[in-house]
Amino acid sequence: MTRPTWAPQDVDIDRPSAARVYDYYLGGSHNFAVDREMARQAIADWPDLPRIMQANRAFMRRAVRLCIAAGIDQLLDVGSGIPTAGNVHEVAQAEDPAARVVYVDVDPVAVAHARALLADDPRCGVVHADFLDVDAVLGAPETRAVLDLDRPVALLAVALLHFVGDERRPGEALARYRDALVPGSHLVLSHASADGAPQRVDDHVALYRRTATPMSMRPHDDVVRFFDGFSVLDPGVVHIPLWRPDGPVPDGAERNPGYAGVGRRD
């Protein structure tokens, strides 16, 4: 296919990307034909996927508002993906105009678009790094310029860790972030799981093996362990739509194939 003018030259436009597929699910425009083909195949196999992704996005917005209400005006969004409407800085700054956000992603398309979007906002920064490289993330000039790590920070790992296999030890990376953050900091986390829809998992996981970020769904107890060292806030680690819903809980929320929670570092 012809390379779009907005796509960095080092991006493989012939291989689907989990970040760009997610952008398509959310109605974004920064994806390629190969991403749309994969997304359409996934939706054909699992028609609820767009609704599931939107529920995850809604959780992120609710959790960000909770963090701002708790007095946390600094947010570090790791594995942030491609900026789309209703992103973290928009939600946070609607609640507190002084809120500061650093976005981190390993996908060069996500980083390029975040930098273009936020070029004129000194309250935001963008870091091109792998979530697992904790020193690179926390030590990046953009992070240091925007965030004061001597004050509480909300660390967001939303729809990220299911793209990090056990062999890469994501729990150890989270523990390093936890130890680097001061008391009062929060962890906002959501994670895909087969618990809510086991019959769909094999085909969906097989699809994501075509990307550079294959999927590792985990059961509830494994997701809870990511909160080690944090005090999990009510209502706990629950199916995504059940985490402090804004309105009536939709039918079938307990079958949502993912969990979400927020923890506080004491």
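Here, each number is a calculation from the coordinates, and none is a lab measurement. Since we're looking at a predicted model, the values are computed, not measured. As a convention, Cβ positions derive from the backbone with ideal geometry for all residues, glycine included, and neighbour counts pool all protein chains shown.
Given the peptides 253-266, 168-181, arrange them by the average over their residues of other C-beta atoms within 10 Å, most packed first.
Averaged packing, sorted descending, gives the order 253-266, 168-181.
Any chance you could get the radius of gyration and Dmax over the Cα atoms of the chain, in Å?
In Å, with Rg to one decimal and Dmax whole: 17.4, 51.
Could you rank the peptides 108-115, 93-100 by their average count of other C-beta atoms within 10 Å per residue, with the highest value first?
Per-residue mean Cβ counts within 10 Å order the peptides as 108-115, 93-100.
For the chain, what is the calculated [θ] at 222 nm in deg cm²/dmol (nearest 500), taking -39500 (n - 2.57) for each run of four or more DSSP H residues and dividing by its residue count?
My calculation for the chain gives -10500 deg cm²/dmol from helical runs alone.
How big is the C-alpha Rg of region 219-266 next to the rule-of-thumb value 2.2 N^0.38 Å, as a ratio?
Compactness ratio reported: 1.18.
Given the peptides 68-78, 27-37, 241-251, arrange them by the average over their residues of other C-beta atoms within 10 Å, most packed first. Can you show the working numbers first?
Working: 68-78: 20.6, 27-37: 16.8, 241-251: 13.4.
In descending order of packing, they fall as 68-78, 27-37, 241-251.
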